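Everything below concerns the one structure shown next.
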Amino acid sequence: MIINRAKIQVFLLCFLLLSCAMQAQNMISMSSLHPGTDTISAGIKELAIRYPGLRKFGISYSGFGYSDFDAKLDDRDFASGKIKTGRISTFFNTPAVKWKGNSLSAGIYYTYTSTMLKDISNKLPEAQLNSLTSDKSTFDLALNYARSGRIFSRPVVYSLVVRGITDGVNSFRRLNLNGSINLPLKKTENTTFSVGLLALVDPSSPIPVEPIVNYYHKFIPSGLELIVDLPTGINLKKEVAKNAWVSVGSNQRSYTVFYDRHNAFLDGKVSYNTIELKSGAAFELLFAKKIMLTLDGGLNSFLSAKLFKEGENYNNASIIGSNKSAPYVSVGLSLVSF
């Protein structure tokens with residue numbers, strides 16, 4: 001199938017602008033975007049180098065500078081100040097069990113979040129926000145199922161992911177479900193292209209359905225790689241030495257922290273959700289054959305910052321924050337394959 005490269009590039013640019021407005025979630029499992037039965041995939045190790053979320057294990061630390069914020073409570077000016085975050089994140093992806101076009105695997109995620117608020121200016125006398133430092137843990141378990149098939153003689157991949165999220169103290173605080181359908185359109189030695197749809201059942205999701213675009217192209221002879229992995233990110237990557245790469249791009253993720261609050265404006269279990277866009281540069285080095293060192297930094301932008309009471313969703317959150325961008329640095333180690 002011949003696809004006009006210029007048309008693809010224009011389409012991807014327009015889709016990137018749309019994707020930034022849609023604000024993808026970290027509740028989207030990489031198994032929904034790259035199922036284990038994907039019929040256009042390269043080798044497992046090559047895919048894991050290309051897409052960090054497909055690696056078998058990873059641990060990273062991210063530090064962020066202070067960001068100015070303004071918050072509204074029920075559409076009224078509530079408070080302003082400065083917020084700073086630090087995160088330690090780990091994940092483990094189990095090997096997939098495969099049979100007759102089916103694939104079953106699991107992912108385990110843990111995030112430790114340190115949050116600091118200072119220089120608080122309150123706007124409502126009946127609702128006061130105070131300076132604080134909080135340290136919270138979030139655990140996330142995902143079960144991933146995928147199946148390959150054919151539609152009109154063309155390959156198609158379906159996936160279903162069930163995720164349970166908890167703070168490690170209570171039972172699961174949130175259950176999410178996402179499913180996808182992927183249609184591989186092109187595969188050559190240096191180019192792959194697929195499209196699809198992703199459905200989200202998640203109270204923190206801005207929209208219930210998102211398009212999927214996976215486009216990879218290696219430019220010859222420069223060796224520059226274009227990696228489009230929407231709705232999660234777009235990156236340019238180049239191998240600068242044997243087993244060493246540099247990349248620049250933007251990648252979206254969201255984070256959840258659970259609290260129990262009992263005061264004049266919050267009574268009971270609440271969750272603080274942010275949707276963030278990291279834009280910057282990264283350096284990766286593969287050593288000991290399967291271990292990847294990652295160093296990256298740049299600017300972290302907040303596309304959304306909302307606090308939900310139980311029963312609330314993205315459209316009726318009690319507290320809505322407007323957080324300014326802040327610099328970040330990250331360091332991590334990951335296991336590319338077993």
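Annotations
- Sequence of His217, His262 once ranked by neighbouring C-beta atoms within 10 Å, starting from the fewest: His262, His217
- Packing-based exposure ordering (other Cβ within 10 Å, fewest first) of Met292, Met116: Met116, Met292
- Rounded Å value of the spacing that divides the Cα centres of the range 215-283 and the range 143-172: 21
- Both radii are taken from the alpha-carbon atoms of the range 208-328; with Rh as the Kirkwood radius, Rg/Rh is 1.11.
- Max mean-square fluctuation residue, GNM over the chain, Cα-Cα springs under 10 Å, options Val228, Val97, Val162: Val97
- The modelled label-to-label distance for the pair Ser171/Lys118, using points 7 Å beyond Cα in the direction of Cβ, is 4.1 nm.
- Other residues whose C-beta falls under 11 angstrom from the C-beta of Asp140 contribute a net charge of +2, scoring Lys and Arg +1 and Asp and Glu -1.
- Relative contact order [Cα under 8 Å, 6+ residues apart], the chain, whole percent: 17
- Entry note: the chain has Rg to Rh equal to 0.97, where both radii use alpha-carbon atoms and Rh is the Kirkwood radius.
- Within the chain, helix-based [θ] at 222 nm, where runs of 4 or more DSSP H residues each add -39,500 (n - 2.57), nearest 500: -2500 deg cm²/dmol
- Residue-count net charge about Lys324 - beta-carbon cut-off 11 Å; Lys, Arg +1, Asp, Glu -1: -1
- Packing-based exposure ordering (other Cβ within 10 Å, fewest first) of Ser153, Ser180, Ser103, Ser60: Ser153, Ser60, Ser103, Ser180
Read-outs throughout are calculated quantities, based only on the coordinates presented, and are distinct from any laboratory measurement. Remember, it's a predicted structure, so these values are computed and weren't measured experimentally. All Cβ positions, even for glycine, are placed from backbone atoms using ideal geometry, and neighbour counts span all protein chains on display.
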